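The values are calculated or read from the model by the stated rules, or taken from the named source; none is laboratory data. This one's a predicted model, so the numbers in the text were calculated from it and none came from an experiment. Here the Cβ positions follow ideal geometry from the backbone for every residue, glycine too, while neighbour counts run over all protein chains shown.
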Amino acid sequence: MKTKTSSSAATAIVIALLCCSCVEQQTEKSAYFEAVEAGVQTGGVKMIPVQTPSGTFKVWTKRIGNNPKMKLLLLHGGPGATHEYFEGMESFLPQEGIEFIYYDQLGSAYSDQPQDTSLWDIHRFVEEVEQVRTALRLNKDNFYLLGHSWGGWLAQQYALKYQDHLKALIISNAMSS
């Protein structure tokens, strides 16, 4: 019985050491990630002011990863849904060298929640995406746009107006009109 317990303890220690060394190797790859806690390390949250016909409001963004050549802005569904269903991407996109940016559109989750329903207009949302792109310094050489559901329709409308600002467009489960 002692041998079995000792063997189990030794196995647990080896696994713990391997896990620690993996975390160390990941944090050494880039000074961008600070090894202050377990889990995905990020570039932080940025609240971006956007101009609307009803005044200035702030939208929430959060960057994950560090790749100046590939920045993927995520447009969630809704309107009114949140970035949260994209969080599974944290487990694979950074390891593939893809920087991505969560973004809660105006009226969603962590962004301001104006009560003016006239702001719920596709053309106004297109201009909001453009303001977010500008604030995040995304350009035609590094700006990839992924839209899901309503976000896919928004991404299509954005691409029709601002195709010169995009490197690529990805549409997932969206309608065309």
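Observations on the model:
- Exactly one residue out of 138, 160, 72 is touching a Phe, Trp or Tyr at 6+ places or on another chain (Cβ under 7 Å) and modelled with pLDDT of 95 or more: that is 72.
- Of the strands (runs of 3 or more DSSP E) contained entirely in the range 37-122, those carrying at least 1 residues that are assigned by TED's automatic domain parsing to the domain that holds residue 151 and farther than 22 Å from residue 168 by Cα fall at 42-52, 55-64.
- Pairs where the first residue, in the range 160-177, is at negative phi and the second is buried (at least 16 other Cβ atoms within 10 Å of the Cβ) and of a type in the set (Val, Ile, Thr), C-beta under 9 Å, 6+ apart: 160/126; 161/126; 162/126; 162/129
Residues are listed down the side, and each one gets a yes or a no for (1) within 26 Å of residue 65 (Cβ to Cβ); (2) at pLDDT 95 or above; (3) surrounded by 14 or more Cβ atoms within 10 Å (Cβ to Cβ):
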{"position": "88", "(1), (2), (3)": "yes, no, no"}
{"position": "91", "(1), (2), (3)": "yes, no, no"}
{"position": "96", "(1), (2), (3)": "yes, no, no"}
{"position": "100", "(1), (2), (3)": "yes, yes, yes"}
{"position": "103", "(1), (2), (3)": "yes, yes, yes"}
{"position": "107", "(1), (2), (3)": "no, yes, yes"}
{"position": "113", "(1), (2), (3)": "no, yes, no"}
{"position": "119", "(1), (2), (3)": "no, yes, yes"}
